[in-house]
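A.B. asks: After the structure tokens below, expect a handful of questions from me.
The values are calculated or read from the model by the stated rules, or taken from the named source; none is laboratory data. No experiment lies behind these values; they were computed from the predicted model shown. Backbone-built Cβ (ideal geometry, glycine too); neighbour counts: all protein chains shown. Accessible surface areas use protein heavy atoms only, side chains included; no ligands, DNA or RNA. Shrake-Rupley method; radii C 1.70, N 1.55, O 1.52, S 1.80 Å.
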Amino acid sequence: MSKNRKLYGLHSFKQQYCLWCGKDLKFDQGLLHMFITKDVICDVCREKMSIVGHSFKLETLSCESVYVYDGIMKDMLVQYKELMDEALFPVFLYPFITYIRKKYKGYTLVIAPSSNSALSKRGFSHVEKMFGILDMKMISCFVKDEVEQKHKSQIERKAIENHIHLVGPLPNTPLLLMDDVCTTGSTLL
């Protein structure tokens, strides 16, 4: 798959092969997939993703997750983020586009920040790209200091609040904070 493809929105996305396993979507799917459901990955790969649709409280924040961070989901995020496979961006939210647009109509998406070094290394904002498929108003009003959470303990991760700063004005609309993974919830808080 070409890393340089520009694929935004639903109407411009005409995927012929599963973005994960490469299976031909036109011929290797059931009737439902061929005529009704237009996914960017095959039914077999989608079924391997542990969809939970879980709502939970994180102190005063109401949160919602769509996947468990394990198995194929973890592999896909590593491929997307760490190996910079930008073409995978639609895989994560594709089945939830209509649901999210309806539930959060009128909201502004606030993207969780990445450090400048992570953005520079990756060449794109993985969270912005991932949630851009929703085609909703989106802002990046936070910056993150040069600190990596990946190898930190839970206690060390809680100190991330000291490394994230508001740099832009917030719109006068309801806000929806967006992040790719919630482990301790410190970034969202």
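A.B. asks: Can you tell me which residues in the stretch 98-124 are open to solvent by less than 30 Å² (accessible area, probe 1.4 Å), of a type in the set (Ser, Thr, Tyr) and modelled with pLDDT under 95?
C.D. replies: Passing the criteria: SER114, SER115.
A.B. asks: Restricting to the stretch 12-22, and then to whatever is over 11 Å from LYS38 (Cα atoms) and modelled with pLDDT under 90, can you tell me which residue is least open to solvent (accessible area, probe 1.4 Å)?
C.D. replies: Among residues in the stretch 12-22 that are over 11 Å from LYS38 (Cα atoms) and modelled with pLDDT under 90, the one least open to solvent (accessible area, probe 1.4 Å) is SER12.
A.B. asks: Which of the numbered conditions does LYS38 fail, given that it passes all the others? Conditions: (1) at pLDDT 90 or above; (2) more than 18 Å from LEU176 (Cα to Cα).
C.D. replies: Only one criterion in (1) at pLDDT 90 or above; (2) more than 18 Å from LEU176 (Cα to Cα) is unmet by LYS38, namely (1).
A.B. asks: Tell me the residue from TYR80, TYR99, TYR107 that is more than 23 Å from SER140 (Cβ to Cβ) and among the aromatic types (Phe, Trp, Tyr), please.
C.D. replies: Working: TYR80 fails: more than 23 Å from SER140 (Cβ to Cβ); TYR107 fails: more than 23 Å from SER140 (Cβ to Cβ).
Among TYR80, TYR99, TYR107, only TYR99 is more than 23 Å from SER140 (Cβ to Cβ) and among the aromatic types (Phe, Trp, Tyr).
A.B. asks: What single numbered condition from (1) part of a loop (DSSP other than H, G, I, E, B); (2) open to solvent by 40 Å² or more (accessible area, probe 1.4 Å); (3) modelled with pLDDT of 75 or more fails to hold for SER186?
C.D. replies: If we test SER186 against (1) part of a loop (DSSP other than H, G, I, E, B); (2) open to solvent by 40 Å² or more (accessible area, probe 1.4 Å); (3) modelled with pLDDT of 75 or more, just (2) comes out false.
A.B. asks: Additional query: Residue under question is TYR94, and the condition is that it be closer than 19 Å to VAL181 by Cα, open to solvent by 30 Å² or more (accessible area, probe 1.4 Å), hydroxyl-bearing (Ser, Thr, Tyr) and out of contact with any Asp or Glu (no Cβ under 7 Å at 6 or more places or on another chain); does it hold? Steps first, answer last, please.
C.D. replies: Working: closer than 19 Å to VAL181 by Cα: yes; open to solvent by 30 Å² or more (accessible area, probe 1.4 Å): yes; hydroxyl-bearing (Ser, Thr, Tyr): yes; out of contact with any Asp or Glu (no Cβ under 7 Å at 6 or more places or on another chain): no.
Considered against the rule, which asks whether it is closer than 19 Å to VAL181 by Cα, open to solvent by 30 Å² or more (accessible area, probe 1.4 Å), hydroxyl-bearing (Ser, Thr, Tyr) and out of contact with any Asp or Glu (no Cβ under 7 Å at 6 or more places or on another chain), TYR94 comes out as no.
A.B. asks: Let me ask something else. Restricting the first residue to the stretch 85-104 and requiring it to be over 14 Å from CYS18 (Cα atoms), which pairs with a second residue that is open to solvent by 30 Å² or more (accessible area, probe 1.4 Å) and among the aromatic types (Phe, Trp, Tyr) meet a Cβ separation below 8 Å and a spacing of at least six or different chains?
C.D. replies: none
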